[in-house]
Every structure is written in structure tokens, then in C-alpha cells.
Amino acid sequence: MKVMIVVTHLLGTGHLSRALTLGRAFVADGHDTFVVSGGMPAPQLDTTGMTLLGLPPLRSDGTDFTRLLTQAGTVADEGYFAARKTALVEAIRSFAPDVLITELYPFGRRSLAGEFSAALEAARDIRPRPVILGSIRDILAPPSKPLKAERADKIVAKYYDGILVHSDQSIVPLNVSWPVSEQLEGRLFYTGFVAPLAPTPHKDATGKGEVLVSAGGGSVGQPIFHAAIEAARKMSNRHWRLLIGGQDANSRITELRKQVADAPVTLEPVRPDFRQMLPHAAASVSMCGYNTALDILQAGTAAVFIPFDDGNEVEQSLRARTLAEMPAIDVIPRKDLSGDLLVEAVGRVISSEPRPVSDQGFDGAAQSVRIAKRLLERRG
């Protein structure tokens, strides 16, 4: 079957990373897979076996997801949005997918509702009509007004055959973060968590015994890196490796290098072998996005989470508080972050009892493929 996944990441690269993991599962099952990405280029991510179309890229202005910027940093105008919509609709019409998956929409990306609506209308005109699915993570940004949830319900009822919830219902049900109506409940398919295969240890043991500090693939996280350098100076018996993401990674590394001086710190851009480094690390320091949290659980690495909570974001804080009940995991609220607190937390998780590594419930991508095939077969 032909599968199209439409995704736009606006801040970090987590949404695109998860969509590509989903795409690789469809490829592995023998399906023609086309991913349309509307965010900034992320060449470090694996697109093997897929066709990737990049729309004119957008990013948010920090945590203001209503003010969208072009790659040049200018505010996107009507012409720019029109070009994206035209390219997306044309891709759908020419590829004519059997299965269309929209990542996050209609539970988010409301500022891009025009292009998603046009895409869904174009899909409905295809004969035979494709199975249309939504793809959402375990925890959503709760709607600020009941009207937003009601609007999402109406869009789901009009266009969607199902919503893939990439979570384990017994661990994190959707209603923890989103009001689930009776109508919506009937369209939900819990897949389990979407993650690549558990990371195998790095063949060169890169990062062995180090404190590995990351902040996703976007340009946020500078306060974490500043605190980590301060902590490294105080915990000089450990080497600290800071992996800097975002389009401006090199300039941010230059800025951070001024603070490093003689601290035991390596600064470098994000690495494609990050997951392979995790099993060797003494501890991980990171935010608590969906993909990072799953990487930590699969690797069994001791971890300190500093949830991203700018702009009233609550998703990562909810996830971190849940995970902190497990051994060798600690949480520092961003407002409290300091070098001293980070030293204490890293020391605590390193000396904590090891956390059992779970290999259950991480096959959400393969389960998503099975669900999509089943729905398409039902349609006949």
C-alpha cells in the first residue's frame, strides 16, 4: 500500500523523528512511504527507504506557535503559506495514498489549519478514498478553551477513520492531558510507544562514563548547557559531553565555549549516534520530550530530566513526574535549575540502584502499521 505521513515540527525535531520512526516501520513492512515535512531541514535524522518532500520550511518564534518564521527568520506571509498548501495538495493528488497520516493535527498545529484542511479535502476526493489517521504522542498540550477540543472532535468526525495514540493506555491514557469525548473515544487506537529498536552500545564505547547532556534537535536548551558547564566545573571527576542542536548550533557552541575554560567539557553538534552513546554514559541530562524519554528507558541510563515548560507548556512536566517514580531518574524544574542542583541530582542518579531495562510496549510503530492495514482491509 501507499502511505503518506504529513508532519511539521516547529521547535525541536521530536515530531519529525517520531514520524520517521513510523515511516521506517511501513517501509520495513514493504510499503511505499512518502513523508511530507513542513519544518526546518534535519539532515541528522534517518529517512532510509522513504521519499521525503520538504515544504517551504517554517519554525516557531520561540514558544510562540502563532508567529511562524521562514528559514531566513522573516515572518511567513500569505504567499508563503499558499505555496506550502499548493505543494502539499499537489503531493497528495499525485501520490494518491492508500493511507494518509497527519501528525498532531487536529489536536495541535492550529496555525496550519488552512493547509491541513486543504490536504484532508484533497484526500477525500481521491477514489478510492484513503484511510485517514491522526498520529499523536502520549501527552498533548491541554486545550486552553473547551472550544478547541470541540473543534478537534468535529474535524475527527468529518475526516478521520482513527487516531493512533502512541502510548500504553494503562500507563498514560490520553485523558490525562486531553478531554476525551465519547465520540473521540470510539476512534482511538492505542499503539504502544513509538520508538526505534533499543540502542545497541556504541562500537567505540564513545561517551563511556561521561555525563551526556542534550536538549533535542532544536535551538532551545541553552540554560541547560550553561548549568551543565557550571556543574562540570564542580564535578570535575566526570567528563561532560554537551550535544548542541538547532540551525544555529555552531554559533551557540562558540558562545558556550567562552564559558567552558578549563571545565571537563566537550562541546559538539547533535550526533546521529546519540542513542548508541546512551548505554555507555554514567548519566544523561536532558529535557523530557517523548523521543528522549523513550531512549532513556530503552537504554536504562541514569537520567536527570529538566522538562521544557516555556510558554505554559506542560507536556514534558507531566511525563517527567510520571517517570521520576522509577529508580535512577530525577527531575529539576527549569525555574530551579542551577549548577549546584544539577551536581546533586547527577550524583544522586549515578549512585541510585540500577533501573531495570524494559523491552515491552515499544513496538508502537509496528502496531500502527498493523492497525492501518486492518482498517484498509475493512474498507475493501
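Could you look at the chain and say what percent of its accessible area is carbon and sulfur, using a 1.4 Å probe and all protein chains? Answer for the chain: carbon and sulfur cover 51 percent of the accessible area. Rounded to the nearest 0.05, the FRET efficiency derived from the C-beta distance between R321 and A82 at R0 = 41 Å is 0.45.
Computed from the alpha carbon positions, the gyration tensor of region 148-244 leads to an equivalent ellipsoid with semi-axes of 41, 18, 12 Å, biggest first. Its Cα centre serving as origin, region 211-351 has a Cβ charge dipole (Lys and Arg +1, Asp and Glu -1) of approximately 300 debye. When H280, H166 are compared by accessible area of protein heavy atoms, the largest-first order is H280, H166, using a 1.4 Å probe.
Computed with a 1.4 Å probe over protein heavy atoms only, the accessible surface of the chain comes to 42 Å² per residue. The equivalent ellipsoid that matches the C-alpha gyration tensor of region 211-351 spans semi-axes of 20, 17, 15 angstrom, in descending order. At R0 = 45 Å, how high is the FRET efficiency between T66 and R378 if r is their beta carbon distance? Nearest 0.05 is fine. For T66 and R378, the calculated efficiency is 0.70.
With 31 Å as the limit, the listed pairs K2/K203; K158/K335; K85/K158; K2/K208; K154/K335 have K2/K203; K158/K335; K2/K208; K154/K335 beyond it between alpha carbons.
Take D340: with every protein chain present and a 1.4 Å probe, its accessible area is about 80 Å².
Over the chain, Cα pairs under 8 Å with separation of 6+ residues give a relative contact order of 15 percent. Computed on region 300-380, with alpha-carbon pairs under 8 angstrom and 6+ residues apart, the relative contact order is 32 percent.
In this simple spin-label model, placing a label point 7 Å from the Cα along the Cα-to-Cβ direction at both Q259 and D359 gives a separation of 4.0 nm. Applying the Karplus relation 6.51 cos²θ - 1.76 cosθ + 1.60 with θ = phi - 60° to region 165-181 yields 3J(HN,Hα) values of 9, 7, 7, 9, 4, 6, 9, 9, x, 4, 5, 5, 10, 9, x, 9, 6 Hz, where x marks Gly and Pro. Taking Cα atoms only, the orientation of helix 290-299 departs from the longest principal axis of the chain by about 60 degrees. For the peptides 310-321, 238-249, 74-85, the ranking by packing is 238-249, 310-321, 74-85, with the highest mean count of neighbouring Cβ atoms within 10 Å listed first.
Sparsely packed loop sites in region 322-380 (the GluC sites (Glu not before Pro) outside DSSP H, G, I, E and B with at most 13 other Cβ atoms within 10 Å) comprise E325. Neighbours of I139, meaning other residues whose beta-carbon lies under 12 angstrom from its beta-carbon, give a summed charge of 0 when Lys and Arg score +1 and Asp and Glu score -1. Rounded to the nearest 0.05, the FRET efficiency derived from the C-beta distance between Q44 and K154 at R0 = 51 Å is 0.85. Taking the Cα centre of the chain as origin and assigning +1 to Lys and Arg Cβ atoms and -1 to Asp and Glu Cβ atoms, the resulting dipole is close to 560 debye.
Stretching R124 away from S352 to a fully extended chain increases their span by 76.7 nm, per 0.36 nm per residue minus the current alpha-carbon distance.
Against the main long axis of the alpha-carbon atoms of the chain, helix 249-260 sits at an angle near 20°. Our summary gives region 211-351 a relative contact order of 25 percent, counting only alpha carbon pairs under 8 angstrom and 6 or more residues apart.
For the chain, what does -39500 (n - 2.57) per DSSP helix run (n ≥ 4), summed and divided by total residues, give at 222 nm, in deg cm²/dmol to the nearest 500? The helix contribution divided over the chain gives -11500 deg cm²/dmol. P(r) tail for the chain: Cα pairs beyond 37 Å make up 20% of the total. Each 10 Å bin from 0 upward holds the following percent of the Cα-Cα pairs of region 149-205: 20, 42, 19, 11, 8, 1.
Determine the order of H226, H15 by accessible area, beginning with the largest, at a probe radius of 1.4 Å.
Values: H226 60, H15 30 Å².
Largest accessible area first, the residues go H226, H15.
A probe of 1.4 angstrom, applied to the heavy atoms of all protein chains, finds K373 with accessible area near 60 square angstrom. Sequence-ordered 3J(HN,Hα) estimates for region 303-316 from the Karplus curve with 6.51, -1.76 and 1.60 and θ = phi - 60° stand at 9, 10, 9, 10, x, 6, 9, 5, x, 6, 5, 10, 3, 5 Hz, glycine and proline given as x. The Kirkwood hydrodynamic radius of region 38-123, based on inverse pair distances between different Cα atoms, is 14.0 Å.
The values are calculated or read from the model by the stated rules, or taken from the named source; none is laboratory data. Computed from a predicted structure; not experimentally measured. Cβ sites come from the backbone with ideal geometry, for glycine too, and all protein chains shown count toward neighbours. Quick note on the areas: whole protein, heavy atoms, side chains included, nothing else; ligands and nucleic acids left out. Shrake-Rupley method; radii C 1.70, N 1.55, O 1.52, S 1.80 Å.
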